[in-house]
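Readers should treat all values here as calculations from the given coordinates under stated rules, not as data from a laboratory. Keep in mind that what you see is a predicted model, and the values were worked out from it rather than measured. Here Cβ is always computed from backbone atoms with ideal geometry, including for glycine, and neighbour counts include all displayed protein chains.
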Amino acid sequence: MKPAAFEYLRPKTLADALAALDHEDAKIIAGGQSLLPMMNFRLVQPERLVDINQIEQLNQIEKTDTGIRIGALVRHAEAARSSLLAEHFPIIAKAMVHVAHVAIRNRGTVAGSMCHADPSAEWPLLVTLLDGEIEILGNSGTRSAKPFEFFLAPLVTEIEETEILTAIHLPLIANPCRMAFDEIAQRAGDFAAVAVGTLVCVEGNIFSEIRLCLGGVFDTPVRAFAFENALIGQPASVESIEAALPLVLKDLEPNDDIHASAAYRLSLVSALARRVLFDTIDEMM
Amino acid sequence: MSYKLKIALNVNSESFEADVEPRMLASDFLRDELGLTGTHVGCEHGACGTCTIILNGVSVRSCLLLAVQLDEANIETVEGLGTTREMHRIQHAFREHHALQCGFCTPGFLITVREILDTLPLRNDKEIREALSGNICRCTGYDHIVKAVRTLVNERDKRLNS
């Protein structure tokens, strides 16, 4: 199992990277933790590989006026260790523990996970849950996309082959909010059968904002809007959550596959949703 | 499209220069070009962990890395850990606890353990098993590997507390 031959370019600047992508069959490699297995299997055989690992400006995690900007090349392990992320989005370190294994987390990147767009993956779920924006550079400049626009289907996004995902932006969350994440996989580090993240805000003992996002149950990460809408404005209590919980399953039709049956996925959604929601309640009360 | 690129790198504190085809995997480069056959090749798609090496201070899968990406890198392979006469403490612990049978997976385990001893608290066997979950062993049933790591963690914690 060896990759087919390709031309290898290693630009040092974004301008050079964009120029390198001006080719009929070019592919970007970031961490390569999904792309190289596919190249080893020859499921993917790009004529030109554009390695962006030398572009230093893509490595940063920084605070902006409105939130946190996470550069494309930030590795899962770096995100898990970041004190800036720990301060504003502790959910990220909690989720990173579930991303594959130590050696993969050391190499795999935020942008790679976003662009690979596995429906069970942690970053797509986190960016959807946290209502992030995806920063994309192309020949006509920088644009941004919301997750629901960006993710189209399993392993399919709307990014053009001539564009580069340069960062994700996560808007800051107001203080009386808590976040939690959990997932179930057959073995530690496997792709999640189901992953669930939540954001819960309470003001004056009322749920003022609720977000619940599910991975592994649809083509892309999905928000449980029916559940969220039913719970917002309700008294902040375990009873309110229990009453609304059946709505999490509304319109969900997960697939059967070798990792889990559809019925098992539905029972995992209920169990994990309850678990992460109660986690946030425990923290607040 | 067969052509070669020049790379210069440091492996186990020794400098190397080589010309490599872009499609050559780092694992094949270490084994076939440098003769460092301690790094084993199992699944070649990142699932088994036996090809794990240290790249610039952190463990990575060498089958999910291209040889050209090793340019200007510092690499440590299992050959850099210790020799038959002067084994590294991790290798000693594996021997003491019978943490290997056929030995195919062992280089990857040793390199992974080298990293996690420095980076993770490993407070209990569950945490050790989680940290080792990226390395597959088909002989031992893992118990003896976990015992070896537990011994190393206890030694580490004693050292840190003294």
How many Å³ per residue does the convex hull of the Cα positions in the protein assembly as shown occupy?
158 Å³
Alpha carbon centre of segment B:9-32 versus segment A:121-145: separation in Å?
36 Å
Once the principal axes of the Cα atoms of segment B:5-80 are found, what is the range along each, listed largest first in whole angstroms?
29, 25, 20
Which of B:VAL149, B:LEU132, B:THR119 sits closest to the plus end of the dipole of segment B:104-162, meaning its Cα is farthest towards the positive end, when Lys and Arg get +1 and Asp and Glu get -1 on the C-beta?
B:VAL149
Considering every residue in B:60-72, what mean count of other chain Cβ atoms within 10 Å of its Cβ is obtained?
5
Set the bar at 29 Å for Cα to Cα. Now go through A:LYS12/A:LYS94; A:LYS2/B:LYS126; A:LYS12/B:LYS6; A:LYS94/B:LYS6; A:LYS2/A:LYS27 and name every pair that lies beyond it.
A:LYS12/A:LYS94; A:LYS2/B:LYS126; A:LYS94/B:LYS6
Could you tell me what a quarter of the Cα convex hull surface of chain B works out to, in nm² with one decimal place?
9.9 nm²
Free-by-geometry Cys in chain A, Cβ-Cβ under 4.7 Å as pairing rule, reported as A:CYS115, A:CYS213
Which aspartates and glutamates have a Cα less than 20 Å from the Cα of B:LYS158, not counting those fewer than 8 places away in the same chain?
B:GLU96, B:GLU115, B:ASP118, B:ASP125, B:GLU127
Length-normalised contact order of chain A, Cα under 8 Å, at least 6 apart, in percent, tallies to 15 percent
Using a Cα-Cα cut-off of under 17 Å, which aspartates and glutamates could be cross-linked to B:LYS4, ignoring same-chain neighbours fewer than 8 residues away?
A:GLU7, A:GLU47, A:ASP51, B:GLU17, B:ASP19, B:GLU21, B:ASP28, B:ASP32, B:GLU33, B:ASP71, B:GLU72
Using the Karplus curve 6.51 cos²θ - 1.76 cosθ + 1.60 with θ = phi - 60°, work out ³J(HN,Hα) for each residue of segment A:150-155 in order, rounded to whole Hz, and write x for Gly and Pro.
6, 8, 9, 6, x, 6
When only Cα pairs under 8 Å and 6 or more residues apart are kept, what is the percent relative contact order across segment A:80-202?
27 percent
Which value at 222 nm does chain A reach when only helices count, each DSSP H run of 4 or more adding -39,500 (n - 2.57), with the total divided by all residues and rounded to the nearest 500 deg cm²/dmol?
-9000 deg cm²/dmol
Measure out, as a whole number of angstrom, how far apart the alpha-carbon centroids of segment A:211-285 and segment A:1-72 sit.
35 Å
Positive-end extreme of charge dipole, chain B - chosen from B:ALA18, B:VAL68, B:ALA47 (charges on Cβ):
B:ALA47
Which residues qualify? For B:THR52, with a placed amide H closer than 5 Å and at least 5 residues away or on another chain, they are B:SER62, B:GLY108
In debye, nearest 20: dipole of chain A around its Cα centre with unit charges on the Cβ of K, R (+) and D, E (-)?
700 debye
Taking every other residue with Cβ under 14 Å from the Cβ of B:THR112 and scoring Lys and Arg +1, Asp and Glu -1, one gets 0
Which of A:LEU125, A:LEU199, A:LEU18 fluctuates most in a GNM of chain A (C-alpha springs under 10 Å)? That residue is A:LEU18
Could you tell me the relative contact order of chain B? Use alpha-carbon pairs under 8 Å, at least six residues apart, and round to a whole percent.
23 percent
Return the ratio Rg/(2.2 N^0.38 Å) for segment A:2-59, where Rg is computed over Cα atoms only.
1.10
Nearby lysines by direct alpha-carbon distance to A:LYS250 (threshold 24 angstrom, same-chain neighbours under 8 apart not counted)
A:LYS146
Determine, at each q value in 0.11, 0.12, 0.14, 0.19 (inverse angstroms), the log₁₀ of I(q)/I(0) that the Debye formula gives when each Cα of segment A:177-284 is one equal point scatterer.
-0.32, -0.38, -0.51, -0.88
Most fluctuating residue given options A:GLY31, A:GLY215, A:GLY233, as computed from a GNM of chain A linking Cα atoms under 10 Å:
A:GLY233
Which of B:LYS126, A:LYS27 has the fewest other C-beta atoms within 10 Å, and how do the rest follow up to the most?
B:LYS126, A:LYS27
